[in-house]
Structures are given as C-alpha cells and as structure tokens.
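The values are calculated or read from the model by the stated rules, or taken from the named source; none is laboratory data. Just so it is clear, the model here is predicted, and its values are computed rather than measured. In this analysis, Cβ positions are derived from the backbone assuming ideal geometry, glycine residues included, and neighbour counts consider all displayed protein chains.
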Amino acid sequence: MIIPFTDLAAQYDALRAVIDARIRGVLGHGQFIMGPEVGELERTLGSYVGTKHAIGCASDTDGLLLALMALGVGPGDAVLTTPFTFIATAEVIALLGATPVFVDIDPDTYNLDPGRVEAALLALAERDRRVHPLPSAPATLTPKGVIAVDLYGLPADYDSLRSLCATHGLFLLEDAAQSFGGRLHGRRACSFGDAAVTSFFPAKPLGGYGDGGMVFTDDDALADAMRSIRIHGKGRDKYDNVRIGLNARLDTLQAAIVLAKFEAFPEELAKRQAAAQLYGELLGAEPSLCVPTVPGGYSSAWAQYTVRVGGGRRDVLQGQLRAADIPSAVYYPMPLHLQGAFRHLGYSRGDFPLAELASAEVLSLPFGPYLSEGDLAACALGALRALESP
Ligand SMILES: Cc1ncc(COP(=O)(O)O)c(C=O)c1O
C-alpha cells in the first residue's frame with residue numbers, strides 16, 4: 001500500500017461517529033449561517049488558546065484581512081513579514097494597498113528573524129536599501145506592524161518580536177495557520193500577537209472539511225471591529241452597516257466538523273509529537289539531512305515534518321522517494337519576494353538569501369497522527385536509502 005502524505009482518511013475512519021453526528025445536528029437545525037456551532041467553537045477554542053475573544057471566519061486568509069482592516073492598515077503603510085511562507089500572509093497586505101516589506105528568516109527555525117526586523121525598520125527610517133533590502137515604493141512608507149508566521153507549527157520568536165513591536169509602536173499579528181496546538185513558555189500559539197489567526201484548511205493540525213479559520217485577540221475594540229467587518233461591516237444588525245466589510249463568516253457545518261475533531265485534538269497532538277520524535281531518532285544522525293530544530297521553551301504543533309537536504313540534492317531525493325512510492329512536498333518552492341505577484345515591489349534574487357536557500361533545500365515527509373510507526377519508519381528508511389545511493 002502507498003503511504004499517504006497526510007492521513008485524513010484514517011482520521012475520518014477513527015472519528016466517523018462523532019463527525020457524522022455533528023453534521024447531522026446541523027442538517028437537523030438548519031442554521032447554516034452563524035448557527036450555534038460557530039459560537040460553541042469560538043468559546044471552546046478561545047478557552048483552549050487562552051484569549052478573551054475568538055472569532056470564527058471563512059479562512060486564515062480572511063482572518064488576516066479582518067485583522068489588518070480592523071487595525072486600519074492601508075496605502076502608505078509598511079507591514080513587515082517573512083518571504084518564506086504561503087502567499088496569503090503577504091497577499092492581504094497588498095490587497096489593502098499597503099506594502100509588504102520582507103525580512104529574512106532564522107535559518108534554524110525558518111521563522112522571521114527579529115534582528116533583521118530591526119535592520120529593516122532602520123532602513124525604512126533612513127530610506128536606505130544598503131541597510132536592508134526594501135521594496136521600490138514611490139513614497140515614504142510608514143511602518144505599521146509585523147506579521148510573524150509560525151512555520152511548520154513552530155511559534156516564531158515572540159519574546160523578541162513582542163518587545164521590538166512595543167518599542168517601535170507596531171502591531172504584531174501572528175499567522176498561526178500551521179501552529180494551532182504549538183506552545184512557547186507554556187502559552188499556546190494563537191495568543192502571542194495583538195491578534196492571531198489560524199486555519200481550518202483540511203490539512204492543518206486542526207482542520208475541517210473545507211475552508212475555515214479563527215481570529216484570537218484580547219483586545220475588546222479590535223474584536224468588536226473584526227466581528228463587524230466579518231459580516232459586511234454590520235452595526236446593530238446586518239442591515240445597519242457602519243463600515244465597509246466582508247463576507248468572511250465561518251460556515252456552521254465547518255464549525256461542527258472542527259468541534260468534532262477537536263475532541264481528539266489533544267491526543268492527536270501527542271501523537272504528532274511522538275511521530276516527530278521517531279523521525280528525529282531515525283534521521284537525526286544522517287549527516288546529509290538536517291532535522292527540525294525546536295529551541296528550548298518551544299513546542300511545535302508539527303503541521304509538517306520538514307527536513308533540509310543541502311548540496312542541490314533535494315529534488316533528486318524527492319524523485320527517488322517518489323520512485324519508492326513515498327510522497328513528499330516542498331513548502332515553499334519559491335519565496336514570496338521572487339513571486340510574479342510581487343514583481344512590482346522590485347525585489348531581486350539574493351535579497352533574502354536564507355529564505356532562498358531554504359526554498360531550495362526543504363522537503364516535508366509523510367506525517368500525521370494516524371500514520372503508524374511502521375509507515376513512518378518505512379519513510380525514514382526510504383529517505384536514508386535514497387541518500388546512500390550515488
Ligand atoms: C502560513 C499560512 N498562512 C496562511 C494560509 C492560508 O490559510 P487559508 O487557506 O485558511 O486561507 C496558510 C495555508 O496554507 C498558511 O500555511
């Protein structure tokens with residue numbers, strides 16, 4: 001049997017009864033838009049994460065947009081973020097007419113490097129590209145905030161980012177699409193920024209069966225604004241519109257499915273941790289591979305198990321694994337500053353060398369709480385065999 005890259009089918013087998021019952025519940029009451037499951041999920045996940053407010057939304061992308069709109073981001077604003085992420089993180093900045101200012105990563109964690117954020121702020125203040133690569137914006141850019149991404153499930157360096165943002169009067173937004181369940185110093189991911197957003201895309205650690213997401217914040221005013229923007233800028237009701245908004249609601253059916261899956265989430269998270277540990281034991285000694293780094297005080301939600309293969313061997317290894325029926329994936333093959341969508345920013349190859357190198361070297365292996373130890377060992381062995389061959 002071919003080993004699956006993710007184990008959603010096995011998860012459904014295990015959780016079928018509770019998922020089906022939840023779906024039937026929604027079909028029974030028929031409140032498909034903003035039904036009671038949306039509020040129930042908001043209360044459940046808000047209390048798990050430990051924030052005052054949790055606001056269901058249509059996707060992580062829409063959640064980021066809700067937060068940026070509520071924070072008043074617009075033309076002339078610079079929002080600093082990593083180029084080593086999914087397009088959504090920076091797309092929302094550009095959608096609002098603001099300018100993404102990319103900052104290179106820490107090569108060990110793949111997350112935004114706070115030291116380089118400082119350099120980018122200095123470069124923006126002095127309008128000096130020699131200090132740090134900047135976009136070729138026609139006018140002066142005002143730094144407004146930072147979007148950090150918890151890549152592969154590992155929270156970014158929020159100790160540094162939070163104090164840096166406070167010093168410079170910037171907002172901090174946590175793109176926790178991949179890190180629901182991760183932790184830093186005992187605090188859960190989705191609780192680190194002025195607001196944080198997660199995704200219920202099916203392959204995420206807590207995924208639904210379609211699009212969905214949730215925004216978390218402790219800030220009452222921000223929460224009120226995001227709740228309004230989520231439903232067409234509603235005021236007292238949806239026919240009283242006090243601002244320009246979106247249709248960015250979380251579907252009741254998706255909320256119901258995520259509620260069902262959340263029952264198994266703590267156990268699944270422990271299994272993800274055990275799977276990552278097993279891969280680490282089997283692959284950690286291989287000199288031509290770099291296994292993930294989890295610094296002290298952090299724990300990853302292990303959205304992916306991503307190794308690094310240097311010397312231009314990554315694509316060869318991926319081909320060899322494919323030949324052995326072992327799927328793998330590259331998150332992400334092209335950093336955002338080199339994407340056509342951001343050509344107008346005028347960045348070039350070499351601006352963010354660490355993100356560029358990571359894009360050429362990372363490879364995510366089959367992973368998930370329902371893959372057996374045997375499957376994981378077969379994947380690890382397949383990778384080791386492939387690396388031995390000339
Ligand atoms: C880091 C990151 N940000 C944003 C997104 C977008 O999430 P969604 O599909 O829920 O909009 C993803 C999903 O892949 C992601 O990994």
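Inclusion of THR252 among residues that are among the hydroxyl-bearing types (Ser, Thr, Tyr), in the same structural domain as GLY50 (by TED's automatic domain parsing), out of contact with any Lys or Arg (no Cβ under 8 Å at 6 or more places or on another chain) and away from the ligand (no atom under 16 Å from the Cβ) is warranted. What are the residues in the range 125-164 that are of a type in the set (Asp, Glu) and either farther than 21 Å from LEU64 by Cα or touching a strand residue (DSSP E or B) at 6+ places or on another chain (Cβ under 6 Å) (or both), if any? Of everything in the range 125-164, those that are of a type in the set (Asp, Glu) and either farther than 21 Å from LEU64 by Cα or touching a strand residue (DSSP E or B) at 6+ places or on another chain (Cβ under 6 Å) (or both) turn out to be GLU126, ASP128, ASP159.
Looking at this structure, is SER191 surrounded by 19 or more Cβ atoms within 10 Å (Cβ to Cβ), of a type in the set (Ser, Thr, Tyr), over 23 Å from TYR370 (Cβ atoms) and touching a residue at least 60 places away in the same chain (Cβ under 8 Å)? Criteria met by SER191. Inspect the range 161-170 for any residue being under 18 Å from the mean Cα position of the chain (by Cα) and of a type in the set (Val, Ile, Thr) and give the result as yes or no. There is no residue in the range 161-170 that is under 18 Å from the mean Cα position of the chain (by Cα) and of a type in the set (Val, Ile, Thr). Take the residues in the range 229-276 that are assigned to a loop (DSSP other than H, G, I, E, B) and of a type in the set (Lys, Arg), then tell me which one is farthest from ALA17 (Cα to Cα). Residue satisfying both the conditions and the ranking: ARG243. For beta carbons closer than 6 Å, sequence separation of 6+ or different chains, a first residue in the range 369-390 that is more than 12 Å from LEU282 (Cα to Cα) and a second that is not in a helix (DSSP H, G or I), the qualifying pairs are TYR370/ASP7; LEU371/ASP7; ASP375/ILE3; LEU387/SER288. Restricting attention to the range 162-187, the residues that are buried (at least 23 other Cβ atoms within 10 Å of the Cβ) and more than 12 Å from the ligand (Cβ to nearest atom) add up to 3. Exactly one residue out of LEU95, LEU80, LEU122 is in contact with a strand residue (DSSP E or B) (Cβ under 9 Å, 6 or more places away or on another chain), at pLDDT 95 or above and not basic (Lys, Arg), and it is LEU80.
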